[in-house]
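Structure first, then comments.
What follows is calculated from the coordinates using simple rules that are stated; it is not laboratory data. If you're wondering where the values come from, they're calculated on a predicted model, not measured in any experiment. Heads up, the Cβs are rebuilt from the backbone with ideal geometry, glycines too, and the neighbour counts pull from every protein chain shown.
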Amino acid sequence: MTDPYEILGVAPTATPEEIRKAYRRHAKKLHPDLNPGDRDSEERFKQVAGAHNLLSDPEKRRRFDNGEIDASGVERPQQQYYRDFADRSGPGDPYENASGFADFAQSNDIIAELLRRQAERARRAPGADLHFGLTIDFVDAVNGATKRLTLPGGGSIDVTIPAGVEEGQILRLRGKGAPSRGEGRSGDALVQISINPHRMFERHGADIHLELPVTLAEAVLGARIRVPTPSGPVMAKVPKGSNTGTTLRLKGKGAPQSGGGCGDELVRLKVMVPSEPNPELEAFLSDWDPGPNYDPRRDMQP
Amino acid sequence: MIIRKLDFLYRAQLDQETLDIWIEEEWLVPQTAAQEQVFSEVDLARAQLIRELKRDLGVNDEGIGVILSLLDQVHSLRKVLSHTLQSSPGERKSG
């Protein structure tokens, strides 16, 4: 980059006020938004803005004058100018103003047709989509539910939660977004779902995982026990000789899958010994001999 | 892309009061959705332009309105011109 004083056209002794004035004089001519069709103005404006950025800051200017820093690296980061949006804005742009050429419409068929089409497009342009977040309970996510979403500005919409909805999934409610400015359809409401964790269940895709405590007797002897599922408790058979880690699979008791059908509930058993001291159990265990080969820590031997 | 009001104030570096005035002056025209004002990327770039006109170019409030109105006309003209050039190449040749 060349000398910032040169770029702004001021003397190295210029006062801050002179620098500001010089910058304004250039910026009025070069600001890209005041030159919508001139692609070169952006590059020249960047130089002027960079020079001003350097010289308008007393500390930076002092360091530059002392040769501590050079003029590079002070350019402003790439900026999106209004003209970049205005030139590609679509139908329904509220800033569109046809008064610069509306009078041609009477004498020129092309312009009249364009104006008519533009007005038609604006009239039919749909409203904007609106984004919302909705937090639901674990069980509602599995079974489906209807939830009322309260909107920030008051008012509400009812959201039908499909069974098996997943964390982060976005539901599109047609026509529940912003109304059209003209006579087009309303935009959509996009509702992103987050699911509260459950104190017992865990979800892995369409499968539900559950850890279920069983008594020593139930594990050793086998039993029929009640197992909670998101759709209510069911009876399940604990096979004789079960252990901690034994997993029962309850077919179809998971969440509905998108391809049809349901996942399973996987019940991992956890054998519990009585928490209170029990003299009979203690007496039995002191006499009990599981045999010389019984060692639950055998796999852990080095 | 929709920008909620709080987000917009932050990204445009505006305070609520200034934004209200700008909207009242129709320098900015946000959409209303669910009784809430929502903004777009276009509004954001326009707010940036207004700030630069005021701060960097020393344009006063009266001037801002004039500039924006003329700019809107220029952009609309540019759009019509570009449509015209695209849609009627044959007529341009013969004419």
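What value, in deg cm²/dmol to 500, does the helix sum -39500 (n - 2.57) over DSSP H runs of n ≥ 4 give at 222 nm once divided by the residues of chain A? If you can, show how the numbers build up before the last one.
Details: 9 runs with 86 residues, N = 302.
That comes out to -8000 deg cm²/dmol.
Each Lys and Arg Cβ is given +1 and each Asp and Glu Cβ -1; about its Cα centre, the range B:2-83 then shows a dipole of about 420 debye.
Mind scanning B:LYS54/B:LYS79; A:LYS21/B:LYS5; A:LYS46/B:LYS54; A:LYS147/B:LYS5; A:LYS21/B:LYS79 and naming the pairs with a C-alpha gap bigger than 29 Å?
Values: B:LYS54/B:LYS79 27 Å; A:LYS21/B:LYS5 35 Å; A:LYS46/B:LYS54 18 Å; A:LYS147/B:LYS5 25 Å; A:LYS21/B:LYS79 34 Å.
From the list (B:LYS54/B:LYS79; A:LYS21/B:LYS5; A:LYS46/B:LYS54; A:LYS147/B:LYS5; A:LYS21/B:LYS79), the Cα-Cα distance tops 29 Å for A:LYS21/B:LYS5; A:LYS21/B:LYS79.
Pairs of Cα atoms in the protein assembly as shown fall into 10 Å distance bins, from 0 up to the last occupied one, in shares of 4, 15, 16, 15, 13, 11, 9, 8, 6, 3, 0, 0 percent.
How would the range A:4-84 be classified by its alpha-carbon gyration tensor: rounded, prolate or oblate, with rounded meaning a/c under 1.5 and the a/b versus b/c comparison settling the rest? Prolate, since a/c reaches 1.5 and a/b exceeds b/c.
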